[in-house]
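**Student:** Following this message is one structure expressed as structure tokens.
The values are calculated or read from the model by the stated rules, or taken from the named source; none is laboratory data. Worth saying up front: this structure is predicted, and the values here are computed from it rather than measured. FYI the Cβ positions are ideal-geometry reconstructions off the backbone, even for glycines, and counts take in every protein chain you see. Ligands, DNA and RNA are stripped out before the accessible areas are found, and what is left, the full protein with its side chains, is counted by its heavy atoms. Shrake-Rupley method; radii C 1.70, N 1.55, O 1.52, S 1.80 Å.
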Amino acid sequence: MPVSNTCVKTGEGQVAMLQIPYPDEPGPGQALIRTRLSTICGSDIHVVDHLPVPAGVPMGHEAVGTVEAVGAGVTAFRPGDRVVVSCLLCCGTCRRCMEGDQQVCETFNAPANLLFGAQGEFFLVNGAQTSMAKVPDGLEDEQVLFVTDIMSTGFAAIERAELKPGDTLAIFAQGPVGLCATAGARTYGAGLIIAVEGIPERAAMAKRLGADVVVDPANAVAEILRLTGNRGVDVAVEALGHEVTFQNACAVVRNGGTVSSVGVYGGYTELRLPTGGSFMHRKIVTTLCPVGTARMERLMALIQGGRVDLRPLLTHSMKLSETPAGYELFRKREGGVLKIALRP
Ligand SMILES: [Zn+2]
Ligand SMILES: [Zn+2]
């Protein structure tokens, strides 16, 4: 029986490395994965610090690993395969999955649809047949890690806005997901890309990944209107999850344009529109990370073709056994941290 040294939520705001036993033989539909590369996500901090998730939950939902064993019904993967695993699990056969909306699978309902335990030496994947994808030879773990979550989310913010070539964008907040949206805008052929960010390291990264201009949050609305000749942008992406950024995104989108939101808005029960003006004939779309085998294969094809490289987001590196210290670093946003590479 493999025993995994895994980062576990041990109380509100607390994590620790604990020994978790996993079965030699995974159950039907499951796969046991040996971690090669993992990372910490903003939603891990939500789970540990804010959400009513009980102590004892193994943390981590973004990883590249090697298949150790598969259960009955998992025919697409064999032991030894190098795989990426979606942060949200899917069955592949329910109505939502059949229509390509695997992230809202009807079989694996929240929170049972979230992958748990990827910040450990081993972890177990439910719905393995449709929730994993083989990594093509020649691609490094570091290149593909983000197809499991933040690249898919950030790129989907652009896809759901139905971006047209040459569209003008404003992307509010350049955290890991916002930066992926910026990279996605460039990959998908946007025109002017305006990023909104006040932290110097993040502003620099936004430019590196595709932003033409970075404006300060304090005067973002006025600056974006000035840059677009008072027309407003075709698409405004909200990637922070705060009311003020949602309002600012609404304020800068042109008549007939789209507000594309990937923020979580935890703690908000209402989102008010900006005051002093009308808000008509705009579209508001929201996005949950698209997942599943085909989705990750498409994103890896973009990476393989040299269309995008998100490795610069891995600003820090630690041993998997040091994950709790990684949470502290990530929480405090020290040293320009964006994503931490965790290796066994
Ligand atoms: Zn995540
Ligand atoms: Zn499903």
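**Student:** Quick check: Cα centre of region 48-70 to Cα centre of region 3-34, how many Å?
**Tutor:** 7 Å
**Student:** What does DSSP give for the chain in terms of the percent of beta bridges that are antiparallel, rounded to the nearest 5?
**Tutor:** 55 percent
**Student:** Taking Rh as the Kirkwood radius computed over C-alpha pairs, what is the Stokes-Einstein D of region 165-274 at 4 °C in a medium of viscosity 1.567 mPa s, expressed in µm² per second?
**Tutor:** D = 97 µm²/s.
**Student:** Can you compute the helix-only [θ] at 222 nm over the chain? Use -39500 (n - 2.57) per DSSP H run of at least 4 residues, normalise by all residues, nearest 500 deg cm²/dmol.
**Tutor:** Values: 11 runs with 93 residues, N = 344.
Mean residue ellipticity, 222 nm, calculated: -7500 deg cm²/dmol.
**Student:** Tell me which residues come under 5 Å, amide H to amide H, from LEU37 once H is placed; ignore anything under 5 positions away on its chain.
**Tutor:** Hits under the 5 Å cutoff: VAL64.
**Student:** Return the long-range amide H neighbours of PHE77 (sequence gap of 5 or more, or a different chain), with a cut-off of under 5 Å between placed amide H atoms.
**Tutor:** The answer is none.
**Student:** Once Lys and Arg get +1 and Asp and Glu get -1 on their Cβ, which of ALA294, VAL252, GLY27 lies farthest toward the positive end of the dipole of the chain?
**Tutor:** The residue sitting farthest along the positive end of the dipole is VAL252.
**Student:** Just name one of PHE123, PHE279, THR39: the one whose Cα is farthest towards the positive end of the charge dipole of the chain (beta-carbon charges, Lys/Arg +1, Asp/Glu -1).
**Tutor:** PHE279
**Student:** Another question, if that's okay. Roughly how many Å² is the accessible area per residue of the chain, as a whole number, for a 1.4 Å probe?
**Tutor:** 42 Å²
**Student:** Separate question: Among bridges DSSP assigns within region 135-279, what percent are antiparallel (round to 5)?
**Tutor:** Once the DSSP bridges in region 135-279 are tallied, antiparallel ones form about 0 percent.
**Student:** When the accessible area of region 154-286 is split by element with a 1.4 Å probe, what percent falls to carbon and sulfur?
**Tutor:** So the carbon and sulfur contribution to the accessible surface is 51 percent.
**Student:** Once you have the alpha carbon radius of gyration of the chain, what is it after dividing by 2.2 N^0.38 Å, with N set to its residue count?
**Tutor:** In units of the globular-protein estimate, the chain measures up at 0.98.
**Student:** What does the accessible area of LYS207 come to, in Å² to the nearest 10, when a probe of 1.4 Å is used?
**Tutor:** 110 Å²
**Student:** Let me ask something else. Quick one: of LYS9/LYS283; LYS164/LYS332; LYS207/LYS283; LYS283/LYS339; LYS134/LYS339; LYS9/LYS339, which pairs are farther than 30 Å apart, Cα to Cα?
**Tutor:** The answer is LYS9/LYS283; LYS164/LYS332; LYS283/LYS339.
**Student:** Another one. Using the Cα centre of the chain as the reference point, and only Cβ charges (+1 on K/R, -1 on D/E), how large is the resulting charge dipole? Debye, rounded to the nearest 20.
**Tutor:** Numbers: 30 positive and 34 negative charges, 129 e Å.
It works out to roughly 620 debye.
**Student:** Magnitude of the Cβ-charge dipole of region 154-286, K/R +1 and D/E -1, about the Cα centre, nearest 20 debye? Don't skip to the answer; put the middle values down first.
**Tutor:** Details: 12 positive and 12 negative charges, 51 e Å.
In total the dipole reaches around 240 debye.
**Student:** Further question: Work out which GluC sites (Glu not before Pro) in the chain are exposed loop sites (DSSP not H, G, I, E or B, at most 10 other Cβ within 10 Å) and give the longest gap free of them. Show your work: numbers first, answer last.
**Tutor:** Values: sites that count: GLU99, GLU270.
Result for the longest clean stretch: 100-269.
**Student:** Give me the percent relative contact order of region 154-286, please, defined on Cα pairs under 8 angstrom at least 6 residues apart.
**Tutor:** 24 percent
**Student:** Moving on. Would you rank ASP212, ASP44 by solvent-accessible area, highest first, keeping every protein chain in place and using a 1.4 Å probe? Intermediate results must be reported in sequence, preceding the final value.
**Tutor:** Details: ASP212 80, ASP44 5 Å².
I get ASP212, ASP44, largest accessible area first.
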